[in-house]
Amino acid sequence: MKSFTYERPGTPAEAAAAVARTPNAKFIAGGTNLLDLMKLQIETPTHLVDVNGLGLDRIEATPEGGLRVGALVRNTDLAADARVRKDYGVLSRALLAGASGQLRNKATTAGNLLQRTRCPYFYDTAQACNKRQPGSGCSALDGVSRQLAVIGASEACIATHPGDMAVAMRVLDATVETVNAAGTQRSIPMAEFHRLPGDRPEVDTTLKIGELITAVTLPKPLGGKHIYRKVRDRASYAYALVSVAAVVQPDGTGRVAIGAVAHKPWRVEAAEADLPRGAKAVTERMLAGAKPTHDNAYKLKLAERTLGAALIEARA
């Protein structure tokens with residue numbers, strides 16, 4: 001790990017200003033992903049801005065009937081919150097499907113949204129990776145790509161977003177709240193928060209330099225049955241091969257987002273009109289234009305079957 005300087009600011013705007021004025025500075029909270037990347041020298045920040053003391057650790061009701069989740073709310077606390085379990089079950093289930101109990105105790109809401117890909121070529125510093133080192137190439141294109149993206153990828157990158165929580169927040173239409181160095185606040189819909197790789201795969205989100213996540217707002221409850229299904233190589237502590245977050249109403253209508261198939265949680269609202277017709281109709285529209293590799297074409301059928309299982313569970 002390379003040496004770095006460290007500070008603990010007093011307010012969110014001060015934290016944003018500290019990162020904005022210091023080249024290659026990073027925010028740190030739980031550190032469950034960042035510290036691993038620093039040990040591997042994939043991330044080499046010159047300055048760490050510790051945001052743990054900023055009071056962003058509360059879950060509060062909003063005037064609109066939703067919930068405002070502070071950026072520093074730990075994953076364990078969010079999953080266990082009685083209001084989340086009652087009205088946003090898909091989110092609670094997604095959180096419990098991710099990581100180990102120890103990691104969930106430490107990981108924060110904002111950090112979960114910002115976790116980097118688990119593409120093996122990103123972590124292997126002997127391999128070319130445009131996400132790790134822009135312009136170096138993408139060894140995954142001709143390599144082992146079983147876990148990687150089938151849709152929304154580019155010639156520069158076929159990595160996937162690894163998270164579970166973000167898939168649930170996408171299906172719930174959550175909003176990410178931020179503050180910048182000037183104290184200006186911004187709201188970013190989850191649909192616009194994560195980005196596709198294009199020719200800038202090193203950029204995962206639409207956050208600007210120094211912009212700090214302060215909270216995530218959940219809209220008022222949708223009702224219906226909330227389901228999160230995650231298919232992975234082993235039953236605990238593994239990243240998804242495919243995941244499905246679904247909210248299904250009694251009449252068969254609803255919403256669905258798919259994880260681990262793209263650089264961002266994948267949702268196509270127009271396809272949800274086909275939910276009453278079944279999983280095949282929905283996934284054909286959601287994954288239209290997919291370009292799987294020889295290693296991961298199985299994900300197309302797996303997505304259909306996982307959604308099919310979710311719809312059966314919804315009818316039970």
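The values are calculated or read from the model by the stated rules, or taken from the named source; none is laboratory data. On a predicted model such as this, the values are computed, not experimentally measured, just so you know. When we count neighbours, we look across all protein chains shown, and the Cβ atoms used for this are built from the backbone with ideal geometry, even at glycine. Surface areas here come from the heavy atoms of the whole protein model, side chains and all, with no ligands, DNA or RNA. Shrake-Rupley method; radii C 1.70, N 1.55, O 1.52, S 1.80 Å.
So the values come out like this:
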| quantity | calculated |
| --- | --- |
| Equivalent ellipsoid, the stretch 263-316 (semi-axes from 5 times Cα gyration tensor eigenvalues, Å) | 20, 13, 9 |
| Surface/4 estimate of mean projected area, convex hull on alpha-carbon atoms of the stretch 135-191, nm² | 6.1 |
| Full-stretch length increase - residue 2, residue 237 - with 0.36 nm per residue and alpha-carbon distance subtracted | 81.8 nm |
| The stretch 81-237, dipole about Cα centre (Lys/Arg Cβ +1, Asp/Glu Cβ -1), debye to the nearest 20 | 700 |
| The stretch 19-127: trypsin sites (Lys or Arg not before Pro) falling in loop per DSSP and having at most 12 other Cβ within 10 Å | 58 |
| Over the stretch 1-154: Rg over Rh, Cα atoms, Kirkwood Rh | 1.01 |
| Cα-projected label distance for residue 203 with residue 52, points at 7 Å along beta-carbon direction, nm | 3.2 |
| For the chain, the longest site-free run once chymotrypsin sites (Phe, Trp or Tyr not before Pro) in DSSP loop states with at most 16 other Cβ atoms within 10 Å are removed | 5-236 |
| Karplus-derived 3J(HN,Hα), 6.51/-1.76/1.60, for each residue of the stretch 107-123, Hz, glycine and proline x | 5, 9, 4, 5, x, 4, 5, 9, 4, 7, 4, 9, 3, x, 6, 5, 8 |
| Within the stretch 2-82: Cβ-based charge dipole about Cα centre, in debye rounded to nearest 20 (Lys, Arg +1; Asp, Glu -1) | 300 |
| Per-selection Rg to Rh, the stretch 19-78 - Cα, Kirkwood hydrodynamic radius | 1.10 |
| For the stretch 140-269, the fraction of alpha-carbon pairs in successive 10 Å shells from zero, as % | 12, 36, 34, 15, 2 |
| Cβ-defined net charge surrounding residue 121, 11 Å radius [Lys, Arg +1; Asp, Glu -1] | +1 |
| MRE, 222 nm, helices only [DSSP H, n ≥ 4, -39500 (n - 2.57), over the chain, to nearest 500] | -7500 deg cm²/dmol |
| Charge dipole (the chain, unit charges on Cβ, about Cα centre) - positive-most of 52, 217, 80 | 80 |
| Environment charge of residue 58, counting only residues whose C-beta is closer than 11 Å and scoring Lys/Arg +1, Asp/Glu -1 | -3 |
| Label zone at residue 192, where the point sits 7 Å out along the Cα-to-Cβ direction: the stretch 255-291 residues whose backbone N lies under 19 Å | 264-270 |
| Principal axis dimensions, the stretch 170-217 - Cα atoms, whole angstrom, descending | 31, 27, 10 |
| Sulfur and carbon atoms: percent of accessible area, the chain [1.4 Å] | 51 |
| Residue pairs, from the table 230/280; 39/106; 39/301, whose Cα atoms sit over 29 Å apart | 39/301 |
| Candidates 72, 148, 96: whichever shows maximal mean-square fluctuation once the chain is modelled as a Gaussian network with Cα springs under 10 Å | 96 |
| Partners for residue 220 among lysines (Cα-Cα distance below 17 Å; same-chain residues under 8 apart left out) | 86 |
| Using θ = phi - 60° and Karplus 6.51 cos²θ - 1.76 cosθ + 1.60, couplings along the stretch 275-291 (whole Hz; Gly, Pro as x) | 3, x, 8, x, 5, 4, 4, 5, 5, 4, 7, 5, 10, 4, x, 4, 10 |
| Average accessible surface area per residue within the chain, 1.4 Å rolling probe, Å² | 44 |
| For P(r) over Cα pairs in 20 Å bins from 0, in percent, calculated from these coordinates, the label among [x] 33, 59, 8; [y] 24, 41, 23, 10, 1; [z] 22, 43, 26, 7, 1, 0 | [x] |
| For the stretch 221-316, convex hull of alpha carbons as volume per residue, Å³ | 107 |
| Cα-derived Rg over Rh, computed across the stretch 65-185 with Rh taken as Kirkwood radius | 1.04 |
